[in-house]
Ligand SMILES: [Zn+2]
C-alpha cells in the first residue's frame, strides 16, 4: 500500500460589519429589494470615483493583528480585471502585492496554521437564476461593493477534518473581534479550497485543484474528502491530474469540473489609479491592538485556570463572546462558577436553541439566572422548581424571587409535613412497598417520585428519600 499526503490551503472571504460599502455610502443591509442599495460607484458607471471606507480598513487591521500578521505600513489597492456579469466595472478593486497583513498564523489544537495574507477588496453583485422555469436570470447589485476581506492560509492543512477545525476556530475569532457576523447562510463567510495529493516519498507538490461552491463547514469537509479520494485514485491509476477549478454539487455530493484555472497574469493586476496608497501608522496599530480585548483561546484557558472549569465546559462557554460575557456576569452575582456553568449549558443554551434566540437577547438576565441557581443551591426551591422558574422567566422576564413568593414555591424541608405526605403515598401504593421489601430497590425511586408529585415538586427530594428509606426499613 502506497502512502499519500494531502495538502490543503484555504481562501476565506468574510463580509465586514460596516454600515456602508467599501468605496461608496450605499447601505450594506442584507435582504432588501434587489438593486435598491446602489449608486454610480458600486454600479461602476463611468466617471464615478471610489472613496475608501475607513471602518473597513480598521476591521481588516484588527483581523490581521488577531491573526498575528505583520502589518504593511503602506498598502495599495489594485485592479483585478476579469469579465463576468456580476462585476459591472469589469474589474474588482482588490489588493495584490501589498495587502494589509502578511505572514501570520492561527493556532488550532497544538498546531499553528500559517496565514499567507489578509487583504481587502469589494464584493461582486449576485446572479439570480430562476430555477423553476429556467427562463431568466437577474443580477442584484446590492451586494456589489460590500467590504470583503480575504484570508489566505499557507498550504499547511493536512486533511479535510483539519480544514473544518481551522474554519471553526477562524469563525470564532472573527466573531469575537466583531469584524463579521460570519453568517454562512447570508454569505458573510465563504470558503474556497486548494487541494493536492502526492506520494509521501515525492519531494514535488502534487497538481492542485481548486474547489468552490461550498456553503457550510460540513460541505467543505465533504467536498475535500471527495476530492482527496478522487485525486488519490487518479494517482494510483497513474492518470494525469489537471489544474482546474471544480464546483461542489451539494445534491449529488460530488465535485464537477468548472474551468481551467486562471494564472495571476490573466487578471492583469495594476495599481488602482483612483485611490492613493493608504498608510497605517504605529499609533493606529497600537490603538487597535489595545481595543481588541481577550481573544477566545486565551479566554478558554483562563476559564479553566481561574474558575476551575473542565476543558469541555470552557470550550462551550467561550464558543461565543456573548455566551462568555453572560457567564462572567452571572458569576459576578453568584460566585459558584461550576454551578452557573452547568445551568447555562444544560438549561439556558437548550431554551435558546428551542426558541431560536441569541443569548444577548435572552429575557433571563445573568442576575436572574444567578438568583435561581443560588435558590436551588440553598434548598429554597427544589431543582425541578428551579427549572420551572427558569422557563417562566425565559418567557416573561419576571424577577425569579418575586415569582417564588407569588406562587408560593418555597421548598418544603419541614419533616412533619413531608412525613404526612409519605404516609399517604405508602398507603396508596402497597404494590411498590411490597416490591421494595422483596428486594426490588428501584421501587424506592418510584415512591420518592410519588411524594414529589404530591408536593407539587416542592418537597426537598433529599429529605424525602431519607425519611422514606427509614420508614420502609
Ligand atoms: Zn454605492
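The values are calculated or read from the model by the stated rules, or taken from the named source; none is laboratory data. Bear in mind the structure is a predicted one, so any value in this text is a computation, not a measurement. Positions of Cβ are generated from backbone atoms using ideal geometry, with glycine treated the same way; all protein chains shown enter the neighbour counts.
Here are some notes:
- Any hit, region 262-273, residues being surrounded by fewer than 11 Cβ atoms within 10 Å (Cβ to Cβ), at pLDDT 90 or above and not assigned by TED's automatic domain parsing to the domain that holds residue 48: no
- Cβ-Cβ under 8 Å pairs, at least 6 apart or on other chains, region 171-196 side outside the structural domain of residue 122 (by TED's automatic domain parsing), far side modelled with pLDDT of 95 or more and in a loop (DSSP other than H, G, I, E, B): none
- For region 387-415, residues that are part of a helix (DSSP H, G or I) and touching a helix residue (DSSP H, G or I) at 6+ places or on another chain (Cβ under 8 Å) total 12.
- Any hit, region 148-156, residues being within 11 Å of residue 15 (Cα to Cα) and either within 16 Å of the ligand (Cβ to nearest atom) or buried (at least 21 other Cβ atoms within 10 Å of the Cβ) (or both): yes
- Restricting attention to region 36-92, the residues being free of Cβ contacts under 8 Å to residues at least 60 places away in the same chain, within 16 Å of the ligand (Cβ to nearest atom) and under 19 Å from residue 152 (Cα atoms) number 1.
- Residue match in region 100-111 (condition: touching a residue at least 60 places away in the same chain (Cβ under 8 Å) and over 22 Å from the mean Cα position of the chain (by Cα)): yes
- Any hit, region 287-296, residues being at pLDDT 90 or above, in contact with a strand residue (DSSP E or B) (Cβ under 6 Å, 6 or more places away or on another chain) and exposed (fewer than 14 other Cβ atoms within 10 Å of the Cβ): no
- Within region 449-466, not a single residue is touching a residue at least 12 places away in the same chain (Cβ under 8 Å), part of a helix (DSSP H, G or I) and within 24 Å of residue 363 (Cβ to Cβ).
- Residue 370 being exposed (fewer than 13 other Cβ atoms within 10 Å of the Cβ), closer than 29 Å to residue 343 by Cβ and at pLDDT 90 or above: no
- In summary, residue 300 fulfils each of the numbered conditions (1) surrounded by 11 or more Cβ atoms within 10 Å (Cβ to Cβ); (2) touching a residue at least 60 places away in the same chain (Cβ under 8 Å); (3) closer than 27 Å to residue 178 by Cα with the single exception of condition (2).
- Output for region 14-23, where each listed residue is within 16 Å of the ligand (Cβ to nearest atom) and buried (at least 21 other Cβ atoms within 10 Å of the Cβ): 15, 16, 21, 22, 23
- Any chance residue 362 is modelled with pLDDT under 95, on the phi < 0 side of the Ramachandran plot and surrounded by 19 or more Cβ atoms within 10 Å (Cβ to Cβ): yes
Conditions (1) modelled with pLDDT of 95 or more; (2) more than 27 Å from residue 178 (Cα to Cα); (3) buried (at least 22 other Cβ atoms within 10 Å of the Cβ), marked per residue:
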| position | (1), (2), (3) |
| --- | --- |
| 10 | yes, no, yes |
| 25 | yes, no, no |
| 36 | yes, no, no |
| 66 | yes, no, yes |
| 70 | yes, no, no |
| 73 | no, no, no |
| 77 | yes, no, yes |
| 90 | no, yes, no |
| 102 | yes, no, no |
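- Search result, residues across region 337-350 that are surrounded by fewer than 19 Cβ atoms within 10 Å (Cβ to Cβ) and over 11 Å from residue 317 (Cα atoms): 338, 339, 346, 350
- Boolean, residue 11 is away from the ligand (no atom under 13 Å from the Cβ) and farther than 22 Å from residue 84 by Cα: no
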